[in-house]
Amino acid sequence: MLPAERGPGVRYTIPMTNGVHTQFSTRPLLQRYDLAVVGGGIVGLATAREFLARQPNLRVVVLEKEPTIASHQSGHNSGVIHTGIYYTPGSLKAQACVAGHRAMLDFCQERGIPFERCGKVIVALDETELPRLEALYQRGIANGVQGLEMIDPPRLREIEPYAAGIKAIYSPNTGITDFARVAQAYAEDVLQHGGEIVTGCEVGAIRQGQTAVLALRGTASAQGWQQEIQARFVITCGGLHSDRLARMTCRTTDVQIVPFRGDYYVLRPEKRHMVHALIYPVPDPQFPFLGVHFTRLLNGEVWAGPNAVLAFAREGYRRTDLDLRALWEVLRFSGFWKLARKYWRVGVQEMVRDYVKSAYVRTLQRYLPELRADDLLPGPSGVRAQALASDGRLVDDFLIVHDQNVVHVQNAPSPAATSSLVIARMIVDEAQRAFT
Ligand SMILES: Cc1cc2nc3c(=O)[nH]c(=O)nc-3n(C[C@H](O)[C@H](O)[C@H](O)COP(=O)(O)OP(=O)(O)OC[C@H]3O[C@@H](n4cnc5c(N)ncnc54)[C@H](O)[C@@H]3O)c2cc1C
């Protein structure tokens with residue numbers, strides 16, 4: 001028996017981040033679709049939007065297990081519109097980020113979504129970091145990033161008066177926005193073009209055939225509901241669950257998601273003047289996602305972080321969150337132990353910083369020497385989906401694979417939010433190749 005307010009075909013309104021109400025479905029309205037997109041994060045929504053823009057007559061549904069869209073990575077991030085400095089020339093990340101940065105600024109402008117081209121400095125603290133800084137600058141130039149400058153300490157102090165550093169890259173076009181708002185705008189486009197978004201609806205299985213069958217389960221009410229729908233084509237964009245979704249059709253996948261929690265601190269309001277925009281470290285090429293930074297948000301708040309420690313649940317935003325299935329998946333994966341054996345020192349350092357505030361503060365003080373522990377308040381957390389191969393290699397690039405009529409986005413880490421409009425084009429190109 002279905003709860004009365006959650007019967008098939010019922011549409012309901014849900015308040016979004018900006019207070020606007022958007023209409024989603026509580027259960028799929030149809031039995032058969034042309035395309036089902038699994039995952040209502042920024043990548044899934046951008047993909048559904050792109051598909052509908054190319055083929056407006058298709059029946060498209062987005063299936064999201066949470067009560068609303070952008071509940072995980074897309075709603076828990078730094079909000080930085082990256083320019084594409086970091087990524088290996090020719091990689092999908094480099095292509096998608098450079099083009100995605102421009103596309104994101106234009107999209108925000110057109111849709112009235114607040115954003116700011118605030119600029120960013122990447123700071124070398126001592127001589128040992130200079131070769132990596134120089135290599136990074138050359139990489140940015142090779143990727144076609146506009147406006148990059150190598151700057152000396154007086155210019156750094158003009159831009160960020162409180163920052164330490166002996167040399168820096170200045171990227172004036174790096175921006176900031178709210179990616180949950182962007183995801184909401186994508187969702188509005190999907191609905192406007194006749195697509196459907198179902199929330200509180202988890203995909204538990206995908207059976208491949210000429211038409212795929214998706215087994216769905218309602219997650220939004222205590223009673224739940226179960227239903228199967230058919231789709232000619234399926235695209236999964238499951239973020240922290242992308243490996244589980246991929247395994248529903250590809251038994252041989254070599255990639256496992258390892259969740260890494262990142263906690264932020266927030267600067268006390270009276271200390272916000274210490275950071276004008278974005279202050280970043282020179283990344284370690286082996287761990288490009290490590291390295292705390294300072295980010296000034298659109299609302300004026302300044303966040304410091306995030307760090308990166310193994311999370312014991314896929315969506316483990318708190319230290320105490322534990323999901324035995326998720327932990328077991330990590331512990332029995334050979335790739336995790338290969339990575340741990342090689343880099344256990346880095347892991348231990350991150351854990352110490354996680355539990356000992358003074359250790360975290362010492363790292364931040366290297367960039368802002370006048371910062372004091374009292375200036376920092378506990379802030380929000382995010383969990384990154386880090387894809388790991390069974391040989392212990394961190395999968396760096398975006399990874400999109402297809403298997404007959406199903407396309408899986410297996411790895412879409414940062415800068416996937418920045419690049420979402422362009423990744424969506426890549427995914428739909430891949431899907432159109434696979435589906436014809
Ligand atoms: C701490 C942090 C900081 C970051 N900072 C930046 C930044 O500054 N700039 C940037 O460009 N990127 C940044 N990123 C990366 C960016 O947020 C992600 O790359 C992007 O949000 C990925 O989007 P997604 O749609 O693939 O995943 P998600 O947003 O995680 O969405 C996946 C969705 O799939 C749903 N789902 C999963 N399984 C199922 C299922 N079985 N059935 C139904 N639904 C399912 C989930 O509930 C989820 O809503 C950051 C990420 C983190 C964690």
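Would you mind working out the accessible area per residue for the stretch 334-436, using a 1.4 Å probe, and quoting it in Å²?
46
Counting only residues 5 or more places away or on other chains, whose amide H sits under 5 Å from the amide H of ASN411 once H atoms are built in the peptide plane?
Here the answer is LEU399, since their amide H atoms fall under 5 Å of that of ASN411.
Positive end of the charge dipole of the chain (Lys, Arg +1 and Asp, Glu -1 on Cβ, about the Cα centre): tell me which of VAL80, GLN23, VAL123 has its Cα farthest that way.
GLN23
Can you tell me the relative contact order of the stretch 29-133? Whole percent, Cα pairs under 8 Å, sequence separation 6 or more.
The value is 18 percent.
Using modelled amide H (1.01 Å from N, peptide plane; none on Pro or chain starts), what sits under 5 Å from the amide H of ASP403, excluding residues fewer than 5 places away?
HIS408
Identify, among LEU148, GLN184, PRO172, the residue whose Cα sits farthest towards the positive end of the charge dipole of the stretch 140-267, taking +1 on the Cβ of Lys and Arg and -1 on the Cβ of Asp and Glu, with the dipole about the Cα centre.
Farthest towards the positive pole: GLN184.
Taking springs between alpha-carbon atoms closer than 10 angstrom, which of THR418, THR363, THR177 fluctuates most in the Gaussian network model of the chain?
So, out of THR418, THR363, THR177, the one fluctuating most is THR363.
Could you state how much accessible area LEU377 has, in square angstrom rounded to the nearest 10, with a 1.4 Å probe and all protein chains kept in place?
About 60 Å², rounded to the nearest 10.
Can you give the relative contact order of the chain as a percent, counting alpha carbon pairs under 8 Å and 6+ residues apart?
It rounds to 21 percent for the chain.
Tell me, how many Å apart are the Cα centres for the stretch 386-427 and for the stretch 164-190?
Answer, in whole Å: 20.
Check cross-link reach from LYS120 to the lysines: straight Cα distance under 29 Å, and skip same-chain residues fewer than eight apart.
Within reach: LYS93, LYS167, LYS271, LYS357.
Extension gain LEU322-ASP254, at 0.36 nm per residue separation less the Cα-Cα distance, in nm?
Fully extending the segment from LEU322 to ASP254 adds 22.0 nm.
Summing +1 for each Lys or Arg and -1 for each Asp or Glu, what net charge is found among the other residues whose Cβ lies under 15 Å from the Cβ of ARG362?
After counting each charged neighbour, the total is -1.
Under 10 Å, Cα contacts only: if you run a Gaussian network model on the chain, which one of ALA99, ALA385, ALA417 comes out with the highest mean-square fluctuation?
Top of the fluctuation ranking is ALA99.
Through the Karplus equation 6.51 cos²θ - 1.76 cosθ + 1.60, θ set to phi - 60°, convert the phi angles of the stretch 372-380 into ³J(HN,Hα) values in whole Hz; use x for Gly and Pro.
Coupling constants for the stretch 372-380: 10, 4, 5, 6, 10, 10, x, x, x Hz.
Going by amide H atoms built from the backbone, whose H comes under 5 Å of the H on GLU196, apart from near neighbours?
VAL60, VAL61, VAL62
Please report the antiparallel percentage of the DSSP beta bridges confined to the chain, to the nearest 5.
75
Grab the Cα-Cα distance for SER91 and GLN192, subtract it from 0.36 nm times how many residues apart they are, and report the gain in nm with one decimal.
So the chain would gain 33.0 nm between SER91 and GLN192.
For the chain, report the convex hull volume of the alpha-carbon atoms normalised per residue, in Å³, without decimals.
142
Pick from ALA387, ALA53, ALA304: which is most flexible by mean-square fluctuation in a GNM of the chain where alpha carbon atoms under 10 Å apart are linked?
Comparing ALA387, ALA53, ALA304 in the GNM, the peak value goes to ALA53.
The values are calculated or read from the model by the stated rules, or taken from the named source; none is laboratory data. Predicted model only: the values in this text are computed from it and were never measured. Neighbour counts are summed over all protein chains in view; Cβ atoms, including those assigned to glycine, are modelled from backbone coordinates with ideal geometry. Just the protein is used for accessible areas: all its heavy atoms, side chains included, with ligands, DNA and RNA removed. Shrake-Rupley method; radii C 1.70, N 1.55, O 1.52, S 1.80 Å.
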